[in-house]
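S.K.: Supplied in structure tokens, the structure appears directly below.
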Amino acid sequence: MRTPFTELAGVEHPLVGFNRSPAVVAEVSRAGALGVLAATAYTPEELDAQLTWIEEQVGAQPYGVDLLIPAKLAGGDRNDLVASLRAQIPGEHIRFVEQLMAKYGIPERNGREYTPAVNADPGIVSELLDVAFSHRISLIASALGTPPAYLVERAKAAGVTVAALVGKRAHAERQLDAGVDLLIAQGTEAGGHTGTIATMILTPEIVDIAGDVPVLAAGGIASGRQMAAALALGAAGVWCGSVWLSSEEDIAPAAVKQKFLAATSSDTLRSATRTGKPARQLRSAWHDEWDEPGAPAPLPMPLQSLLVQPAWDRIDAAAESGHVRALELESFYVGQVVGSFGRLRPAAEITRDLVDACRTRLVELGGLAEGS
Ligand SMILES: Cc1cc2nc3c(=O)[nH]c(=O)nc-3n(C[C@H](O)[C@H](O)[C@H](O)COP(=O)(O)O)c2cc1C
């Protein structure tokens with residue numbers, strides 16, 4: 001299957017595998033698609049080690065990274081920044097989270113120093129970009145917002161493709177003006193931060209204004225039939241996130257993966273209670289608690305992550321050791337395709353199945369058009 005995307009990315013299959021686990025990224029690239037590492041939660045040292053490891057695994061095959069990139073890379077002392085952000089968290093919110101942990105009996109994690117999300121810190125993003133560009137990445141994606149000029153210029157000089165996720169037409173217009181090489185039309189079905197327009201509606205709308213810039217469809221794609229449907233909408237390929245959470249190599253806690261395997265397509269919701277912006281995730285008792293009368297409204301990004309991340313650290317650890325009430329709260333980002341997860345499979349097998357089933361479906365549809 002040759003498309004403008006396979007030409008641009010130098011890959012065999014019009015498929016991107018987005019995941020935070022280096023082993024998933026490596027397996028997807030080795031299978032002839034493009035693995036993209038979600039790098040937002042890593043320190044520069046971790047990212048450097050992971051990209052080195054991925055390169056050892058994939059040989060000459062291309063791969064990419066995805067970062068949350070702020071408009072300005074202002075410097076400044078990290079401790080001062082985190083302290084000033086922490087000071088903005090209202091006592092009401094701190095008490096609510098403490099009471100929630102107490103209500104569910106979630107143990108403290110003694111001696112554990114919590115490191116705040118690096119995406120709150122432009123200084124760290126600057127270091128992450130230096131690490132990414134010191135490796136032979138072939139694509140860099142900007143998760144939220146328009147890629148700033150400093151990134152576009154640096155990527156173009158290095159021959160690296162700049163990609164950006166869009167959830168509506170106005171986003172795409174801004175990204176095209178900024179000079180991106182690839183757009184990802186991400187529908188509301190998707191896991192993670194997402195808008196309100198469905199992939200079926202959004203993809204052709206973005207394709208129609210993108211001109212020569214290839215568009216990938218994202219959100220709700222976890223099978224060959226869904227991949228074929230995306231190509232039918234005019235996409236040059238697909239960008240899949242959730243499906244890799246059903247891979248053996250994915251690093252999500254086992255308790256999370258078990259909840260995913262048991263979930264139906266009705267079991268996700270968009271909620272701002274983890275990051276401050278609406279993100280699709282598995283519904284759990286956590287969300288019901290934030291919906292209760294008297295619960296505070298989520299804080300804006302990045303304050304909400306700063307508030308709740310230590311609690312999630314505790315919930316994940318307790319759930320992993322079988323704590324029943326922690327399992328009620330346990331959740332993670334995932335899209336509506338979670339309802340189609342049957343069992344955990346190797347990432348390479350998922351890649352092959354998606355591509356093979358897509359090809360089969362396209363041939364069948366060709367036959368349909370010819371009336372056979
Ligand atoms: C667990 C998870 C985390 C995600 N985190 C990010 C992120 O950090 N940056 C980003 O650009 N997209 C993120 N996304 C969205 C994916 O890039 C992708 O657009 C989406 O998963 C596609 O829809 P699907 O989940 O139906 O496959 C995330 C998705 C999931 C499932």
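S.K.: What are the pairs with Cβ atoms under 6 angstrom where one residue, in the stretch 248-260, is away from the ligand (no atom under 12 Å from the Cβ) and the other, located anywhere, is of a type in the set (Val, Ile, Thr) and open to solvent by less than 10 Å² (accessible area, probe 1.4 Å)? Sequence gap at least six, or different chains.
M.R.: Glu249/Val24
S.K.: Go through the stretch 175-207 and give me each residue that's more than 11 Å from the ligand (Cβ to nearest atom) and part of a helix (DSSP H, G or I).
M.R.: Once the filter is applied, which keeps residues that are more than 11 Å from the ligand (Cβ to nearest atom) and part of a helix (DSSP H, G or I), the stretch 175-207 yields Gln175, Leu176, Asp177, Ala178, Met200, Ile201, Leu202, Thr203, Pro204, Glu205, Ile206, Val207.
S.K.: Next up: Quick one: how many residues across the stretch 253-289 are β-branched (Val, Ile, Thr) and under 11 Å from Tyr333 (Cβ atoms)?
M.R.: Looking only at that region, the number is 3.
S.K.: Specify the residue that is nearest to the ligand (Cβ to nearest atom); the eligible residues are those in the stretch 323-349 that are touching a helix residue (DSSP H, G or I) at 6+ places or on another chain (Cβ under 6 Å) and over 30 Å from Pro107 (Cβ atoms).
M.R.: The selected residue is Gly335.
S.K.: A further question on this structure: Looking at the stretch 30-59 only, could you name the residues that are at pLDDT 95 or above, closer than 23 Å to Val162 by Cβ and of a type in the set (A, V, I, L, M, F, W, C)?
M.R.: Ala33, Leu34, Val36, Leu37, Ala38, Leu47, Leu51, Ile54, Val58 - these are the residues of the stretch 30-59 that are at pLDDT 95 or above, closer than 23 Å to Val162 by Cβ and of a type in the set (A, V, I, L, M, F, W, C).
S.K.: Identify, from the list Ala141, Ala172, Ala164, the residue that is within 16 Å of the ligand (Cβ to nearest atom) and under 16 Å from Pro62 (Cα atoms).
M.R.: Ala141
S.K.: Okay, moving on. Among the residues of the stretch 289-304, which ones are out of contact with any Phe, Trp or Tyr (no Cβ under 7 Å at 6 or more places or on another chain), surrounded by fewer than 20 Cβ atoms within 10 Å (Cβ to Cβ) and either of a type in the set (Val, Ile, Thr) or closer than 18 Å to Glu98 by Cβ (or both)?
M.R.: Within the stretch 289-304, Glu289, Trp290, Glu292, Gly294, Ala297, Leu303 qualify.
S.K.: Please list, ordered by first then second residue, the pairs with beta carbon atoms under 8 Å, 6 or more apart or interchain, first in the stretch 18-29 and modelled with pLDDT under 95, second open to solvent by less than 20 Å² (accessible area, probe 1.4 Å).
M.R.: Listed pairs, sorted by first residue: none to list.
S.K.: So, one more: Return yes or no: is Gly219 small (Gly, Ala, Ser) and either within 20 Å of Thr188 (Cα to Cα) or crowded, with 20+ Cβ neighbours inside 10 Å (or both)?
M.R.: Judged against the criteria, Gly219 is a match.
The values are calculated or read from the model by the stated rules, or taken from the named source; none is laboratory data. Please read these numbers as outputs of a predicted model, since none were measured by experiment. Here Cβ is always computed from backbone atoms with ideal geometry, including for glycine, and neighbour counts include all displayed protein chains. Ligands, DNA and RNA are stripped out before the accessible areas are found, and what is left, the full protein with its side chains, is counted by its heavy atoms. Shrake-Rupley method; radii C 1.70, N 1.55, O 1.52, S 1.80 Å.
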